[in-house]
Number of protein chains: 2
Amino acid sequence: MADRRRLLSEWIQAVGMRSLRKTVLLAIVASVVLVVALLHSWPTRAYTTVDVWQRPGPAVERHLEERFPEPDHRSANIPYRVKESIAGLLARNGCVCEGESGGMNLPFAQLLFPRVSAHPMHTAFEASELEEMKKRRAKEYQGFQMRSQTPADMLIVAEANNPLQYPTQGMEVRPLKTILIPGLAVQDHPKELYIVNFTSTLGTLNVAAEVEGVKVKGDGEMHMTLTSSMLSNLNRQLQFVTYTNTLFHPSTADTVQFETEGHQAMFTIKVRHGVTPKLYNTGPKGEYNISALVTIATKTFMRYDKLQGLIDSVRKYYSTVTIVIADDSENPKTVSGPYIEHYIMPFGKGWFAGRNLAVSQVTTKYVLWVDDDFIFTANTKLEKLVDVLERTTLDLVGGAVREATGYTATYRQTISIEPGEEEGDCLHMRRGFHHIIQGFPNCVVTEGVINFFLARTDKIQQVGFDPRLARVAHLEFFIDGLGSLHVGSCDDVIVNHATKIKLPWVSQSESDKTYAKFRYPPASSDATHTKNGLLYFKNRFQCLTHN
Amino acid sequence: MADRRRLLSEWIQAVGMRSLRKTVLLAIVASVVLVVALLHSWPTRAYTTVDVWQRPGPAVERHLEERFPEPDHRSANIPYRVKESIAGLLARNGCVCEGESGGMNLPFAQLLFPRVSAHPMHTAFEASELEEMKKRRAKEYQGFQMRSQTPADMLIVAEANNPLQYPTQGMEVRPLKTILIPGLAVQDHPKELYIVNFTSTLGTLNVAAEVEGVKVKGDGEMHMTLTSSMLSNLNRQLQFVTYTNTLFHPSTADTVQFETEGHQAMFTIKVRHGVTPKLYNTGPKGEYNISALVTIATKTFMRYDKLQGLIDSVRKYYSTVTIVIADDSENPKTVSGPYIEHYIMPFGKGWFAGRNLAVSQVTTKYVLWVDDDFIFTANTKLEKLVDVLERTTLDLVGGAVREATGYTATYRQTISIEPGEEEGDCLHMRRGFHHIIQGFPNCVVTEGVINFFLARTDKIQQVGFDPRLARVAHLEFFIDGLGSLHVGSCDDVIVNHATKIKLPWVSQSESDKTYAKFRYPPASSDATHTKNGLLYFKNRFQCLTHN
């Protein structure tokens, strides 16, 4: 019994010891892990807050060019004579919705002498909803302005006889990074002490090297002062001044004040991520490999016969070019074949929705837009269009469309916007173009072209086709592209248009009848999704004039 | 007989006369029409040619900030001491592809102390094709630079002690329009004769009014001179100087030289169409009308069970919000219901192609991206995300995704690009964010977020999801958005993730198996369409570092 008791107590002791050691070991390991985890998650940096609320900033003086500057006391008495031919070109305060009046009322007058007509956009809305629409549009526009304006748009005037030398353009720093500020110097008359200071708002100032004989105060802060009794030492120090962005923003600008006694200067440093390129693989060198460079895009609706006609004609000349087809027909049929991509949409989703879908799927450098009732011929040389885009800075180049009658159209349109006030801007469209392109005598630059064009895929995807435009629309794409797209038009690349003329002895096919029914439907119930409603609300136009 | 002959001859005469008159009349009308048509088509303006060829322009000094400026003779002997903490922040000549070395090799080390690893991108290509790819990329990049750089990027330094006063920033004119140049003046010492001149390259100079005592020469040309013996008269005249753009370009800048004896200045006038707003109708005032403001977008592939789970969960909380579904499954099933838009794509077209398709169809102000295996809960309050975008300048705000285990992730990533030389740039991604957003304590600003986010439709369509990315990809969208998208992330709006964990007692469903087969396929044959191949070629990166 005693043996058993002794053995038992020895056993308990042994187990106890092991447990004790184990517990101690476990405790040590646990605390090490805890401490390590704590150290790791310990906030190693204090995060500052940033204010990104939509607040109205300093009012940007937009209408400088519209008013003659008020004379000050010195010039009040100096006589001048207005030069009407030039003064008349300056933008007015707001734009007026008027076309050309008068003119002959002969037959063919509109054809031979197209008059400009003006169309107010607010008529898209019932009188009862117009006031509400105006308010909503103004609110949305205000948000848009607050998001798109930066201090880099502000007017800055360099004062005369400023001993300060400084950079006025070209400085850029990536967010939270540091740059040397170039071109700083002081050319002052001899003094006992030279003092200059800098003030910034979205970052801090510093020096990358310390020059003998110059006292630096406030380095690493938003206000820095440099003092020296020797001008050349101060100027050497100024060559080492740095700016570091500390308040993050992906695309903005910091305005830096640079002062010395009695004089000041202001300059801007853009703060932004660089523009990341979006390059496309072009295939092997040599001749233009159309299959590697171009994708054909189209939208179809209830006319598979025309679509098949297009595909067959394309394949005669380009057997391996990918064709992307957006299809919102009611009972979609299968469209298949090598290098055919067929996309099925909800029934009647819409024209621009389909266009946007088609271009969203393109993976080649260029995309060729065609309507589903075009026919390729021997004159439809895509290589010519590719050549234009490969060698110029154009983003889009249109071709020509030949009707059954032989009449060939390029549908060139110039588009300009005249800024307006609260009522909105005025949109002006005129047939024609601006210049002929040097080296391409059959090509011109303009803003809008016919619906047969080759475009850079990244640019056309960036502009996009607004899916709110369900039915008839064309120039809206070019309006959305103003400022982004460099547009050209060549009349020597021609595609045929399967006939639209209702010849009396040809009975309309079933698909033609259904197509006609949808193609020209009654006005939509959502007023802001009509052509004029969108021009009014989305683009903030009050008026459209065209000839 | 004679009567008949007489009648006949009278008849012939009458017909002849009528024919003659008719012929004469027709001839007159025809010639009038011809003359009128000729007059109409007569070139009423001589079209000038424009040079839009891709030519390398003046080399933009990109790497100013990288080198310390060379001292001139005056400062060569002035001693200075480099401040390493600041000098080290300046961009180097090119970037180097290196991560963090060393560190403990304990278990959980990578978890507790995530080390930065560096990955060269050229490995996407076989050694045999790399040289060709480099050349092609360099050629495409050159074209991109020529299209995207403008004289407005050029460094300009204002000289000190210049008697000329002039605007250095903020001037803009629409293509082919005219503006008054503000802020021009001369503050010179007394002289017998004051002469100033202007030179421009993309337009002409003129005066909107003629001031007494000032002689104007070259008005309407690209070089204009103003001369006067009275300084105040000259300054009054300078208030009427105009610039007219004559060489059309949708977005460029003209550099104007402004000179007087012994001094010169340079300033830029931006020539471009204004930024056309793209506003969205928001629905009636009051509470956020989620159906009017938000469209839910997703892409699905071979897992209709998960998709239906998503739709059912959405409908519990938002019964009328439109859900757009891009579907590239092999044998697509019908997915229908009120406010459901189902788009069918070619089989396996790809992940980003589907994402691009879905967002291309959105017609509301905001789009909410969700994966097809998310589940909405009571914590998935879209109103909170809308509130952030309505009140801040953010373009996109991410939420949080909760796994079955309860672990919730926001996947915040900061992204920055360090410019490189011919080898390409370096892409740096780090977990984390930049600042907390004032007023939204649960939200921060960063560059990349998890795949559950609300975004402004116009901005997300503008950036787009590159359809070249067929399989696994995520941050590539945010890389493409750098500089365009202002990105935030809030951790208090949470969506659940249907479980991905392979629990041993749960057998994988058929659709799960097929999904797994495609979701992680072998590498594609087109090297530039792989993730690294695209980063190398499309975005011109040499290296990616991340932790």
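The values are calculated or read from the model by the stated rules, or taken from the named source; none is laboratory data. As the structure is a computational prediction, the values presented were derived from the model and not from experiment. Don't worry about glycine lacking a Cβ; one is built from the backbone with ideal geometry, like all the others, and counts go over all protein chains shown.
Look at A:Asp395 and say whether it is more than 22 Å from B:Phe352 (Cβ to Cβ), surrounded by 17 or more Cβ atoms within 10 Å (Cβ to Cβ), of a type in the set (Asp, Glu) and touching a helix residue (DSSP H, G or I) at 6+ places or on another chain (Cβ under 8 Å). Before you say what the answer is, go through the steps one by one.
Values: more than 22 Å from B:Phe352 (Cβ to Cβ): yes; surrounded by 17 or more Cβ atoms within 10 Å (Cβ to Cβ): yes; of a type in the set (Asp, Glu): yes; touching a helix residue (DSSP H, G or I) at 6+ places or on another chain (Cβ under 8 Å): yes.
In short, yes.
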Review point. For A:Gly350, are the conditions met, namely being of a type outside the set (Asp, Glu), within 30 Å of the chain's Cα centre (by Cα) and either closer than 26 Å to B:Leu469 by Cα or more than 8 Å from chain B (Cβ to nearest Cβ) (or both)?
Key: yes
Review point. Within the range A:413-429, can one find any residue that is out of contact with any Phe, Trp or Tyr (no Cβ under 7 Å at 6 or more places or on another chain) and within 25 Å of A:Ile340 (Cβ to Cβ)?
Key: no
Check your understanding: Quick one: is B:Asn451 surrounded by fewer than 20 Cβ atoms within 10 Å (Cβ to Cβ), in a strand (DSSP E or B), touching an Asp or Glu at 6+ places or on another chain (Cβ under 6 Å) and in contact (Cβ under 8 Å) with a residue 24 or more places away in the chain?
Key -> no
Check your understanding: Which residues, taken from the range B:368-419, are under 27 Å from the mean Cα position of the chain (by Cα) and assigned to a loop (DSSP other than H, G, I, E, B)?
Key -> B:Val370, B:Asp371, B:Thr393, B:Leu394, B:Asp395, B:Thr410, B:Tyr411, B:Arg412, B:Pro419
Practice item. Please find, within the range A:198-245, the residue that is farthest from the other protein chains (Cβ to nearest Cβ) out of those that are crowded, with 18+ Cβ neighbours inside 10 Å and in a loop (DSSP other than H, G, I, E, B). Key: A:Ser200
Point to revise | Breaking point among (1) more than 30 Å from A:Arg430 (Cα to Cα); (2) surrounded by 13 or more Cβ atoms within 10 Å (Cβ to Cβ); (3) modelled with pLDDT under 90, for B:Gln149 | key: (1)
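Could you count how many residues in the range B:250-275 are in a strand (DSSP E or B) and more than 10 Å from chain A (Cβ to nearest Cβ)?
9
Give the range A:33-50 a look and list any residue that's at pLDDT 65 or above and within 9 Å of another protein chain (Cβ to nearest Cβ), or say none. Step through it out loud before you land on a result.
Within the range A:33-50, the subset at pLDDT 65 or above is A:33-39, A:46-50.
Within the range A:33-50, A:Val33, A:Val36, A:Ala37, A:Leu39, A:Tyr47, A:Thr48, A:Thr49, A:Val50 meet the criteria.
Filter the range A:314-328 for residues that are exposed (fewer than 15 other Cβ atoms within 10 Å of the Cβ) and without any contact (Cβ under 8 Å) to a residue 60 or more places away in the chain and give the result. Let's see the steps before the verdict.
Taking the range A:314-328 first, the residues exposed (fewer than 15 other Cβ atoms within 10 Å of the Cβ) are A:316-317, A:319-320.
Hits for the range A:314-328 are A:Ser319, A:Thr320.
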Practice item. Could you check, for the range B:182-189, whether at least one of its residues is under 20 Å from B:Asp254 (Cβ atoms) and facing another protein chain (nearest Cβ under 7 Å)? Key: yes
Check your understanding: Pick from the range B:518-547 the residues that are at pLDDT below 60 and not hydrophobic (A, V, I, L, M, F, W, C): which of them is nearest to B:Leu469 (Cα to Cα)?
Key -> B:Ser524
Revision key, fill the gap. Only unsatisfied item for B:Asn233, checking (1) within 43 Å of the chain's Cα centre (by Cα); (2) closer than 21 Å to B:Pro163 by Cα, is (1)
Point to revise | Count - residues of the range B:283-313 that are more than 29 Å from the chain's Cα centre (by Cα), outside any loop (DSSP other than H, G, I, E, B) and buried (at least 23 other Cβ atoms within 10 Å of the Cβ) | key: 2
Review point. Out of curiosity, is B:Glu192 more than 8 Å from chain A (Cβ to nearest Cβ), over 29 Å from the mean Cα position of the chain (by Cα) and assigned to a helix (DSSP H, G or I)?
Key: no
Exercise for review: Within the range A:329-375, count every residue that is small (Gly, Ala, Ser), surrounded by 22 or more Cβ atoms within 10 Å (Cβ to Cβ) and farther than 21 Å from A:Asp458 by Cα.
Suggested key: 1
Practice item. State whether the residues of the range B:421-440 include one that is touching a helix residue (DSSP H, G or I) at 6+ places or on another chain (Cβ under 7 Å) and more than 30 Å from B:Lys139 (Cβ to Cβ). Key: yes
Study note, to complete from the structure: Filtering the range A:129-145 down to residues that are out of contact with any Leu (no Cβ under 8 Å at 6 or more places or on another chain) and either of a type in the set (Asp, Glu) or modelled with pLDDT under 90 (or both) yields A:Glu129, A:Glu131, A:Glu132
Point to revise | Condition met for A:Leu427 (in a strand (DSSP E or B), touching a strand residue (DSSP E or B) at 6+ places or on another chain (Cβ under 9 Å), of a type in the set (A, V, I, L, M) and closer than 23 Å to B:Thr363 by Cβ) | key: yes
Study note, to complete from the structure: Among A:Lys384, A:Lys365, A:Lys349, the single one that is in contact with a helix residue (DSSP H, G or I) (Cβ under 6 Å, 6 or more places away or on another chain) and of a type in the set (Lys, Arg) is A:Lys365
Practice item. Could you please tell me which pairs satisfy a Cβ distance under 6 Å, a separation of 6+ or placement on different chains, a first residue in the range B:376-405 that is away from chain A (no Cβ under 14 Å), and a second residue that is aromatic (Phe, Trp, Tyr) and assigned to a loop (DSSP other than H, G, I, E, B)? Key: B:Glu383/B:Tyr288; B:Gly399/B:Phe452; B:Val401/B:Phe452
Point to revise | Matching residues, the range A:122-168, being hydrophobic (A, V, I, L, M, F, W, C) and free of Cβ contacts under 8 Å to residues at least 40 places away in the same chain | key: A:Ala127, A:Leu130, A:Phe144, A:Val157, A:Ala160
Revision key, fill the gap. Within the range A:384-427, residues closer than 13 Å to A:Phe440 by Cβ and of a type in the set (S, T, N, Q) come out as A:Thr392, A:Thr393
